[in-house]
Amino acid sequence: MSWSVPLTDLRITEDDIEAVLDCLRTGWLTMGPRVRAFERAFAAHVGVEHAVAVSSGTAALHLAALAAGIGPGDEVIVPNLTFVASAAAARYCGATPIFCDSLGAHDLNLDPADVCRRITPRTRAVVAVHFMGYAADVEALRTLCDERQLRLIEDTAQALGARTPSGRIAGTVGELGCFSLFSKKQLCVGEGGMVVTSDPELASKVRLLRSHAMTSVTWDRHQGYAETYDVVDIGFNFRMDEARAALGLSRMARLDDDIATRRAHVCHYRRALRNQDGIELPWDDEEVARASHFAFPVLLSDGQVRDRLRAGLADMGIQTSAYPAITDLSEYVVGRGDETLARSRELAERHCVLPLSSVMSEADVDKVVTAVARILDEQPAHARANA
Ligand SMILES: *Cc1c(COP(=O)(O)O)cnc(C)c1O
């Protein structure tokens, strides 16, 4: 399928290509000086002491959960409306994800009051997801986690560059922040991730587990800093390689501009859709100004209208997406019919993610808006038949 307006898109510049070629020419491919430089630049960008590059955002969440001490028997509170990797991290550690509800149609993020209600003596941590690039209320969650002695892990996979109401950078309020560098994310290298923390012990734990819990890495041995190694835990191979780090470093230079372009498109969408019958826009203008815009979701009146809109847009070559609630996935079916997750389930059913990228044009946005209006303003066939 070749879309007239794809859900997302990216452009690799000549500089990006040169950076990767330079790396290949050195002949050093596994984790080495470029990964280190990328980590330093990333840490400086988000304003934390430590950043540890890993092979994916999922690996970042997995290692963050282990470093936070999550293990069998523990409960981890996770929003019901997110990507599955947010919940899988707890499962990898043998813990049980306990799902919490969304705030509502004005803010799709997790509801701190509902998090509070779900705390039990087994609760060890909260995974706060900054959904679609809008900061979750991590300041309220920070207070709650401090009071109840819980760890706060931020799933910032969709929100590199987003800010909280008090101006904190998303990913730096919890003990650990986890980022994704997957192709669709704001800063992408194909597959990659980053764990950030200001705690040196958590940083060393993540570093250790990233590479088999070995006490020295290949680059150290190559440099002659270490001749042998010990293994002190059950670690993984979640390393990032040099070519991806080179690409990430090169692309980071344009990150802020890319986010500004995404935000401008979102503002354009919102102006054009503000008075569209049948569309509700989550979040307000201030929140839009602080967000980093991974995606642009709109809400329809119900699941049927949402599905009709998505099918109509697909017919016109416009690609959309939508997130199922985690508790509606076969592997995670828990207490289906649990009324306490009603808001997240309803939002999952009636949201639609429209195309957004820093590469699309304002004309693309207009094309999507016109198509949305045409589909929503047209009566569905059965309504016409009954008229
Ligand atoms: C993309 C994403 C992840 C996983 O990141 P990968 O790099 O694809 O492994 C985790 N959580 C959320 C919310 C995401 O959107």
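Observations on the model:
- Length added when fully stretched, E286-V359, from 0.36 nm per residue minus Cα-Cα: 23.9 nm
- If only the Cβ of Lys and Arg carry +1 and only the Cβ of Asp and Glu carry -1, the dipole of the chain around its Cα centre is close to 300 debye.
- Label positions at D199 and D257, each projected 7 Å from the Cα along the C-beta direction, are separated by 3.8 nm.
- Percent accessible area from carbon and sulfur atoms, the chain, protein chains only, probe 1.4 Å: 50 percent
- Length released on extending from R40 to R25, taking residue separation times 0.36 nm less the Cα-Cα span: 3.1 nm
- Annotation for region 207-281: GluC sites (Glu not before Pro) lying in DSSP loop with at most 11 further Cβ atoms inside 10 Å of their Cβ are E227.
- Annotation: amide H-H contacts under 5 Å for E191 (H modelled 1.01 Å from N, sequence separation of 5 or more, or interchain): none.
- Sorted largest first by accessible area at a 1.4 angstrom probe radius, with every protein chain in place, the residues S102, S198 fall in the order S198, S102.
- Protection proxy ranking, peptides 355-364, 92-101, 49-58, 171-180, average beta carbon neighbours within 10 Å, highest first: 171-180, 49-58, 92-101, 355-364
- Positive dipole terminus of the chain, leading residue within Q223, G94, Y134 (C-beta point charges): Q223
- On the basis of the beta-carbon distance and an R0 of 35 Å, A311 and R91 show a calculated FRET efficiency of 0.55.
- Per-peptide packing, taken as the mean over residues of other Cβ atoms within 10 Å, places 73-81, 21-29 in the sequence 73-81, 21-29 from highest down.
- Using the Cβ-Cβ distance between S183 and I17 with R0 set to 25 Å, the FRET efficiency from 1/(1 + (r/R0)^6) comes to roughly 0.95.
- Ligands, DNA and RNA are left out, and with a 1.4 angstrom probe the accessible area of the chain is 43 Å² per residue.
- Coil-residue trypsin sites (Lys or Arg not before Pro) of region 48-133, DSSP, other Cβ within 10 Å capped at 13: R122
- Trypsin sites (Lys or Arg not before Pro) within region 292-345, DSSP loop, no more than 13 other Cβ atoms inside 10 Å: R336
The values are calculated or read from the model by the stated rules, or taken from the named source; none is laboratory data. Everything numeric here is computed off the predicted structure, so don't read it as measured data. Heads up, the Cβs are rebuilt from the backbone with ideal geometry, glycines too, and the neighbour counts pull from every protein chain shown. Protein only, heavy atoms only, side chains kept; ligands, DNA and RNA dropped before computing areas. Shrake-Rupley method; radii C 1.70, N 1.55, O 1.52, S 1.80 Å.
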